[in-house]
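Okay, structure first, notes after.
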Amino acid sequence: MPEKETLERAEKDKRQGKAPSTQAGEFIREEFHHVREGKHGVRNTKQAIAIGLSKARRAGVKLPTRNSQDAREEARGRTGKPTSPRRARAVRGALKQEGRSGGSRRAVSRQARAAARRRSSSQRSQAARRAAATRRRTRSR
């Protein structure tokens, strides 16, 4: 369950007209904090991001689905069945065994740089224009 502050920050982003990926970023940020404070570990940075995105989807952020299970759940109107307490406890236990370095500043920075390298110049430019347009919209309010 996401923390109250995270939900509030994501809701604020939504009100300001920011992209779903920006809203989801709050959940990913929370996940990195959990790893850093030792709540649980992750195999790598991508796993922490995946957990954050999953929480964002469950909280109602309109993100594109990544696999067929997501698509099926969305078609059913989400919720399907909630995760059983037994499974949730097993997942928490498994994550506790994992390392903490996937949430380090160095690992997160490396992941961000690699992701940026995969984007073309025009994609980066388009993202910057979109962000500028959002800033203009929110300033005029």
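The values are calculated or read from the model by the stated rules, or taken from the named source; none is laboratory data. The structure presented is a predicted model; accordingly, all values stated were derived computationally and were not measured. Note that we place each Cβ from the backbone using ideal geometry, even for glycine, and neighbour counts take in every protein chain shown.
Could you tell me whether A94 is assigned to a helix (DSSP H, G or I), over 24 Å from S21 (Cβ atoms), at pLDDT 95 or above and not aromatic (F, W, Y)?
Details: assigned to a helix (DSSP H, G or I): yes; over 24 Å from S21 (Cβ atoms): yes; at pLDDT 95 or above: yes; not aromatic (F, W, Y): yes.
Yes.
Go through region 97-122 and report how many residues are under 17 Å from the mean Cα position of the chain (by Cα) and in a loop (DSSP other than H, G, I, E, B).
1
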